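Here is the structure we will look at, set down as structure tokens.
The values are calculated or read from the model by the stated rules, or taken from the named source; none is laboratory data. Just so you know, these numbers come straight off a predicted model, no measurement behind them. Cβ placement follows ideal geometry from the backbone for every residue including glycine, while neighbour counts extend to all protein chains displayed.
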Amino acid sequence: MISVMIAFVTFVVLAAVVALAVSWGLTRIIEARNPPRGRFVTVDGVRLHVVDLPSQDRDRDAPTALLLHGANLCLDDMRMALGGVLSKRMRVIIPDRPGQGFSEPGPGPVASAEYQVKLLRGLVRQLGAGPLVVVGHSFGGLIALRYALDDPDAVAGLLLINPTTHPRPKGLPWFQRLAGLLIGPLATFTLLLPLSLAMLPRLTQRMFRPEPAPPDYAARSRLTLGLTPRRFSASLREYSELRDQLIGLVPRYGGIATPTVIVAGDADPVVPPKIHAEALAAAMPQAQLVHLAGAGHMAHHAHATAIGYEILRLALRRSEPVDSEKECPDQ
């Protein structure tokens, strides 16, 4: 019996070592195929990766758009959806959030929205940008809200796309709690990456449901970077502390005076609008809630033109929609 147990433990250890080596090798391949495309800026000793797109417009007084991506993603997601169209009228800054893409997590805690905003504010200062229209998608929406709370004078407008804003009334679903227990450091650094790569088309489809994903999304967004162990581990830390952060921030939303537009995909199954976007709109009566019928969680791709209208309206300080013929960016 003891010999059987020793053999079993030996097998498990060897399998883990092999899986760790495979994951390490796949990570090196993914990073080699997806090198950094922006520049590096060091803030408080933390190296951040950012793309800075100059405005094609001669009006240099327009605010700068700061685009903040969601969890498990990198800056390329926001760049491919909104970066190019917005840079026709505005300067656009798109960072890899701390711990994601090619930005270091720093000493942390990287799960803290306050900590991420501290680094992002330092980045913006070094780039000499401002005032800002801060655009946040999903978890990036929470970071955008925290930015407006921590530095309201720097934020001329907020545009939140399916933002994560409120704790679920009953906590996380059972399968997410179970995943949190099972997907620990061992799984993250061994099995997660090869299994995720095998299911990449299905994972992409689930991100965009019920709308179809762009056919080249995984490649153009460099989605696989977010599945590598270091980056996925940072995302797990964000998830683990999310509920407590939201509970602490909810009472503060009503104090945000920044002009705000909340874009809600009516069919978003990931961040349901009734729990998040609509609840935020109720807490911020001065904010405008824009519903996108049939839109899912990744609404900034299929509905980039509609969202571009709202960003430009905030930037140009208009109370009415911008002229679609003259002022709205084309895709």
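At a glance:
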| read-out | value |
| --- | --- |
| Condition met for V110 (within 22 Å of M298 (Cα to Cα) and of a type in the set (A, V, I, L, M)) | no |
| Positions within region 20-55 being over 16 Å from R231 (Cβ atoms) and either assigned to a strand (DSSP E or B) or touching a Lys or Arg at 6+ places or on another chain (Cβ under 7 Å) (or both), in sequence order | R39, F40, V41, T42, V43, V50, V51, D52, L53, P54, S55 |
| Test: L236 is under 18 Å from S103 (Cα atoms), crowded, with 17+ Cβ neighbours inside 10 Å and either at pLDDT 85 or above or not β-branched (V, I, T) (or both) | yes |
| Any pair with Cβ under 8 angstrom, 6 or more apart, that starts in region 294-309 at a residue that is in contact (Cβ under 8 Å) with a residue 24 or more places away in the chain and ends at one that is of a type in the set (V, I, T) and in a helix (DSSP H, G or I) | A299/I307; H300/I307; A304/V85; T305/V85; G308/V85 |
| Which numbered condition S103 misses (of (1) surrounded by 12 or more Cβ atoms within 10 Å (Cβ to Cβ); (2) modelled with pLDDT under 95; (3) among the polar types (S, T, N, Q)) | (2) |
| Flag if L227 is modelled with pLDDT under 95 and either at positive phi or surrounded by 21 or more Cβ atoms within 10 Å (Cβ to Cβ) (or both) | yes |
| Options L75, L86, L82, L120: the member that is over 14 Å from G140 (Cβ atoms), among the hydrophobic types (A, V, I, L, M, F, W, C) and touching a strand residue (DSSP E or B) at 6+ places or on another chain (Cβ under 7 Å) | L86 |
| Matching residues in region 250-269 - criterion: being touching a residue at least 60 places away in the same chain (Cβ under 8 Å), in a loop (DSSP other than H, G, I, E, B) and touching a Gly at 6+ places or on another chain (Cβ under 9 Å) | T258, P259, D268, P269 |
| Checking P54 against (1) surrounded by fewer than 20 Cβ atoms within 10 Å (Cβ to Cβ); (2) farther than 27 Å from A218 by Cα; (3) out of contact with any strand residue (DSSP E or B) (no Cβ under 6 Å at 6 or more places or on another chain); (4) touching a residue at least 12 places away in the same chain (Cβ under 8 Å), the condition it does not meet | (2) |
| Cross-chain or 6+ apart pairs with Cβ under 9 Å, region 110-136 first and in a loop (DSSP other than H, G, I, E, B), then surrounded by fewer than 21 Cβ atoms within 10 Å (Cβ to Cβ) and small (G, A, S) | A111/S240; G130/A154; G130/A156; P131/A154; P131/A156 |
| Enumeration of residues in region 71-90 that are assigned to a loop (DSSP other than H, G, I, E, B), at pLDDT 95 or above and not hydrophobic (A, V, I, L, M, F, W, C) | none |
| Test for P98: is it farther than 21 Å from A156 by Cβ and either surrounded by fewer than 20 Cβ atoms within 10 Å (Cβ to Cβ) or modelled with pLDDT under 95 (or both) | no |
| Candidates M78, M90, filtered to the one that is crowded, with 23+ Cβ neighbours inside 10 Å and closer than 17 Å to R220 by Cβ | M78 |
| Check on R313, at pLDDT 50 or above, basic (K, R) and assigned to a helix (DSSP H, G or I) | yes |
